Amino acid sequence: MKKWFTPLFLLVWAFSCSPDKESATSSALPESWEALEAQARGTRLTLMMWQGDPMINRYMRDFVVPAMKDTFGIELDILSGQGNIIVSTLMTEMEAGRKESQIDAIWINGETFYQLRQIKGLFGPFVDRLPNSRLIDWDNPFIHTDFQQPIEGYECPWGNVQMAWIYDSSRIPTPPADLEALELWLRANPGKFTLSNDFTGMTLLKSWLIHFAGGRDALQGPFDESKYLQSSQKLWEFVNRNKPYFWNRGESFPASLSQMHQLFASGELWFTFSNNDAEVDNKVREGLFSESSRAFVPDYGSIQNSHYLGIVAQAPNKAAAMVLCNFLISPEAQIAKLDPLNWGDGTVLSPDRLDAPWREKMSEVGERQYVPPRSALAPKALMEPDPVYMIRLFEDFRKKVLSEQ
Amino acid sequence: MMQKTLNTLIIIFLALPLAALLYLSAVKFWVYPDLLRAHFSLEFWSGLGGTYSGLTSSFALSLLMATSISLTATGLGFFFSAFLLLVPGRSTWLALSFFPYLIAPVSFGALLQTYFVRFGLSGSTGGVWIAQLLFVVPYANILLSTFWNRHIRQLYQQAITLGARPLQALSGIILPLAKPWLGLSLLQCFLISWYEYGITRLIGIGKVQTLTVGVMHYLNEANPHVAALAAILLVSPVVLLGAISYIVVGKLSLQV
Amino acid sequence: MIAVMDFQKKYGNEIVLDGVNFVLEKGKTLCVTGASGSGKSTLLRLLAGWESPDAGDFRIAGKSMLHIPPSQRKVVYLSQEPLLFPHLSVAKNLSYGLEIRRLPGKVVRERVGELAQRLGLDTQLHKMPDQLSGGQKQRVSFGRSLIIEPEIFLLDEPFASLDHQTREEMQVLFGELRLTFSMTTIFVTHDIKEALMTADQLATLKGGKLTVFDQVQDFLASPESGARKELDFWTRIQQLQQHEPQQ
Amino acid sequence: MKSQTRSWQFAGVLSLYLLICGVPLLAGLGYSLGYSLGLTGLLSQGFTLVHWQTLLQDTDAWRSMGYSLLVAAISMALSLSLALGVAWLHELRSQNTLRRWLLLPLAFPPLVAGFSWYYLLSPSGFLSRLAFHLGWIGGIEAFPVIVNDFPGVGLVLTHVFLVFPLFALLFMHQSAKVRMGALWQVAQSLGSKRSQFLRRVYIPLQLRKAELLIRLYAIFLIGTYEVALLLGRSSPRVMTLYITDKLGRFNLADIPQGHAMLVVYILLAGVLAFGGIKKYRIL
């Protein structure tokens, strides 16, 4: 056996270490937008996105896919995969030396954007070439900057949301407005609160981190080790001090937001969260949350961020990907998305830049029933800090909270 | 008496999960402590024709995949296991076949992924098919190796000595004798492919929507009721197949 | 007539057969004795075609068999166990050799019926092998081979697994069969008595060499064959009995 | 001439066998090893042992390994005890209804088993609701936490559900094969008490005959993924989750470490499966 293994192993080894590292030949894209649309017609396009929400899935399936086919003659396939899966899929492809990716367009933000820039996985700059990009609210820092990183035309803003707490108003008349109130509330209601060990949970921790760092603008700018160490120490003290009053005595945390929603729906948890302030409307309509469910944002604020569309550097069908991006930021698609009946996702367009009929249509979109209006939440919006904060929080949450018995 | 109680307890233990799935797929607004008085609804079941028709096509894809994998793997496994009988150091070669099954499929998928991407096989049904085959053939090989022994080889030789050509001896003597093993291998290989999630997810990058991928999709959507429905679809043919194989293959299925 | 010329076989460094030569007339039985591991089975395997000799030739009626595949040699190998096909009835086992040759059903039935009668199996035809006694199984095994009228039978200790009584019955049966069907047989056994009962010609295999004895007397007298010892044993028993006081 | 074609055919089939049953695994292992040593990967900077050093110093990694082994050992011990008990009680008169029910869990992929047991055992799940309606508990809080818990009660229970029936069936089958009833009669006539027989004959005989399968299933449990994903704790987590977290989570710099752990895991599975395998001539 040994005699066989060594040469075989070496062979395989030599083979596995030599990806042909040719640079991707980006097929020339036509100059004019019309030509680009013509090139995209009759092609297939693959979009990879998080598919953890039935409302979003429905919006894509029932509105976007048919529109792409009917208007632009593009067959849109949607694959399920959130940020980390996108990154690892693209990385594997690049490591294997593939010149063409399986994926054209992706739904990303924050640390995924950061990682993809790190490995040169994004095509761009392309946003300026989209005719509809002139309608985007470029003055809004929550849109033109993603986790402190200028987007530089490498990702196209798609939606803008603010994180919100969801609670049952029949059980909690006044939710705790600040961290002191939360501590008291936890002691009075042990076992009813927790956070998920995922993107959403970390986003909540980020807002607390900003609070402990001194509030609002304290973590602006590039990652600062000393600031992080100081504020995170306070954060972990706070979490560990209150952990005994968390769900399951803080011995474990739900792995995903959907699990949180389940626990909230069955009444096991009294709070859940959403990265999308309008989600509570959707969930009530789906029959998952009771009608007394409400969303709110505490006084110290919550993270507001945008999510974006990117095009993969090795995408085989960049033209169609650009057509998709342009369509998704069209007033028509943005207004449909804004409707709480569809998705309830905040728009990235500036009403001022829209033609009057569209502006009017946008103002007519049905109001949200269970969440305060966006304008009421906006003053409490916090900017996303540098993505490294997120990466560090993930690591330290495991080390300082999960592993501490 | 005690044995009867124990029996009942064990049967309850074995039956509970299936009961839970059936229940979950038939209620909505499932708030604590609803149990008997819940919002029963066949909405999800009737959705199989419409809203959740994706599950129906996933079911078909899984069925096709598992059937073809099972046939191919059993065929190859039978061939290899017979062949290995002639190879010196048989157990060492066989040991190689143990590995894919020992390693968790997600890990096996992670090992294979880079090569599948390199050869342009990822993201396609064909790629997933090959990846699953690499996982299932070794298993069939191991299972069918338990069939081959000195006695079977002698019977084969006896047939040859009586004038049978190798193919005749194979079809007239060996295959009929191997029937229980082949049946068991077909069943097990079918199940492995049918249950497979990790490899399909990694190699198929979500483009290949088998039923397990569908279950995970609805679990991720925080919709336990549809996930339960999908899970029942996943379990049902196996229960049926099990019932059939219990009758056809009989007690032999207990040997492995 | 079959002829084996200068058979050589080595496994690694171990010489198993070292120039084996013999000639056997049609319809005769050659009994090969020898200790276990002396290469008796190897010899049969070479003749059956499962393995090839390193050197030498094997001819039937002057024609070399070495490049003819086992299934076409008309050389039937019968091992210690009867090796009946467990999923086929006695009738199907008997007819196997004919059916694979695609003989018409009527012919097959006739010949099976005839043979079964001569073997005393006519009441067993519908049974499955696991319903038969050890002796019956051997009969079926013989019948299954006889039906294809092979040029030569190779018997590898065919009765070793049977109990004493059945074994004697089978030896008698074989004696009858080989005469009625004029079987050409190479019979391998380690049992001297069996060899003496069944053989036309006797040989012994030792150290890779085959010694053929033309006369039974030579065989009995040879220290090689082991028959000497056996004879001495019986002589001593006789002597003992003679010395015992009469009652 | 002829034997030459034969040996070519022979080599051909052997290569095909290797291509399917050996090369993929070794190729993957080679890739992971290379990745963990910094020889490949987008962010690699040449050969380094630093990732292995980090892994060796990462208590989280070793805890996850220990946790995997522990959960597998406990699940296996419970499954075997239960199976031995059931097979003993059913040896004398064959119980066909039970046998049929024992086949049911074979229809459950781990994913589905984990999912259903989660909804049975969670504080807001079926059993808790049942307990509430029976008046045993006053509400969710009073129901013991047995999912995502530290000892891994739900996790182990699901494993038992998946593994125990198979061994129960196997032991029943083995009992019949060695004619356990007859052995027990002989032992009784030799003056053996039931406990003595169980301890000296029944249990060792059953376990020894099933040793290979026990090993395989223990390794299967060490590699548990879907069940642990749904019912396990986030810390310590099982090895497969540690690996997938490292391979595909937020810190790109962790990927080589994930590959290193993957190598460790596969070697561990190999050692557990084939350590002292020489005894198994049945292969």
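The values are calculated or read from the model by the stated rules, or taken from the named source; none is laboratory data. Keep in mind that what you see is a predicted model, and the values were worked out from it rather than measured. Positions of Cβ are backbone-derived with ideal geometry, glycine not excepted, and every protein chain shown enters the neighbour counts.
Evaluated against (1) free of Cβ contacts under 8 Å to residues at least 60 places away in the same chain; (2) over 19 Å from residue B:227 (Cβ atoms); (3) at the interface with chain B (Cβ under 10 Å from one of its Cβ atoms); (4) of a type outside the set (D, E, K, R), residue D:151 falls short on exactly one condition, (3).
Scanning the range C:86-105 turns up no residue that is under 30 Å from residue C:216 (Cβ atoms), acidic (Asp, Glu), surrounded by fewer than 21 Cβ atoms within 10 Å (Cβ to Cβ) and not assigned by TED's automatic domain parsing to the domain that holds residue C:219.
Scanning the range A:326-367 for residues that are acidic (Asp, Glu) and within 18 Å of residue A:53 (Cα to Cα) yields A:339, A:345. If you filter the range D:229-244 down to residues that are in a helix (DSSP H, G or I) and within 9 Å of chain A (Cβ to nearest Cβ), you find that the one that is surrounded by the most Cβ atoms within 10 Å (Cβ to Cβ) is D:230.
Restricting attention to the range B:54-104 and to residues that are assigned to a loop (DSSP other than H, G, I, E, B) and either within 18 Å of the chain's Cα centre (by Cα) or of a type in the set (Asp, Glu) (or both), the residue that is farthest from the other protein chains (Cβ to nearest Cβ) turns out to be B:103.
Among the residues making up the range C:140-161, those that are outside any loop (DSSP other than H, G, I, E, B) and either charged (D, E, K, R) or touching a strand residue (DSSP E or B) at 6+ places or on another chain (Cβ under 8 Å) (or both) are C:141, C:142, C:144, C:145, C:152, C:153, C:154, C:155, C:156.
Residues in the range B:214-223 that are in contact (Cβ under 8 Å) with a residue 12 or more places away in the chain and either among the small types (Gly, Ala, Ser) or touching a helix residue (DSSP H, G or I) at 6+ places or on another chain (Cβ under 6 Å) (or both): B:214, B:215, B:218.
Within the range B:152-203, restricting attention to residues that are without any contact (Cβ under 8 Å) to a residue 40 or more places away in the chain and within 14 Å of chain D (Cβ to nearest Cβ), the residue that is surrounded by the most Cβ atoms within 10 Å (Cβ to Cβ) is B:195. Inspection of the range A:292-305 finds no residue satisfying the criterion of being crowded, with 20+ Cβ neighbours inside 10 Å, β-branched (Val, Ile, Thr), over 19 Å from residue A:203 (Cα atoms) and under 19 Å from the mean Cα position of the chain (by Cα).
Filtered by the rule that a residue be over 12 Å from the mean Cα position of the chain (by Cα) and closer than 30 Å to residue B:166 by Cα, the range C:28-37 gives a lone residue, C:37.
Listed by first and then second residue, the pairs linking a residue in the range A:81-106 that is at the interface with another protein chain (Cβ under 7 Å from one of its Cβ atoms) and in contact (Cβ under 8 Å) with a residue 24 or more places away in the chain to a residue that is of a type in the set (Asp, Glu) and part of a loop (DSSP other than H, G, I, E, B), with Cβ atoms under 8 Å apart and 6 or more places separating them unless they lie on different chains, are A:97/A:20; A:97/A:22.
For residue A:392, the conditions (1) more than 14 Å from chain D (Cβ to nearest Cβ); (2) in contact (Cβ under 8 Å) with a residue 60 or more places away in the chain are fulfilled apart from (1).
Against the conditions (1) modelled with pLDDT of 90 or more; (2) touching a helix residue (DSSP H, G or I) at 6+ places or on another chain (Cβ under 6 Å); (3) not aliphatic (A, V, I, L, M), residue B:125 satisfies every one except (2).
A single entry from C:161, C:141 fulfils the requirement of being buried (at least 19 other Cβ atoms within 10 Å of the Cβ) and in contact (Cβ under 8 Å) with a residue 40 or more places away in the chain: C:141.
Filtering the range B:204-218 to residues that are at the interface with another protein chain (Cβ under 8 Å from one of its Cβ atoms) and buried (at least 24 other Cβ atoms within 10 Å of the Cβ) leaves B:205, B:206, B:212, B:215.
Determine, yes or no, whether residue B:117 is assigned to a helix (DSSP H, G or I), buried (at least 23 other Cβ atoms within 10 Å of the Cβ), within 12 Å of chain D (Cβ to nearest Cβ) and modelled with pLDDT of 85 or more. Considered against the rule, which asks whether it is assigned to a helix (DSSP H, G or I), buried (at least 23 other Cβ atoms within 10 Å of the Cβ), within 12 Å of chain D (Cβ to nearest Cβ) and modelled with pLDDT of 85 or more, residue B:117 comes out as yes.
Applying the criterion of being exposed (fewer than 13 other Cβ atoms within 10 Å of the Cβ) and at pLDDT below 75 to the residues of the range B:1-35, the residue that is farthest from the other protein chains (Cβ to nearest Cβ) is B:1.
It is to be established whether one or more residues within the range B:172-183 are more than 20 Å from the chain's Cα centre (by Cα), of a type outside the set (A, V, I, L, M, F, W, C) and more than 26 Å from residue B:240 (Cα to Cα). Looking through the range B:172-183, at least one residue is more than 20 Å from the chain's Cα centre (by Cα), of a type outside the set (A, V, I, L, M, F, W, C) and more than 26 Å from residue B:240 (Cα to Cα).
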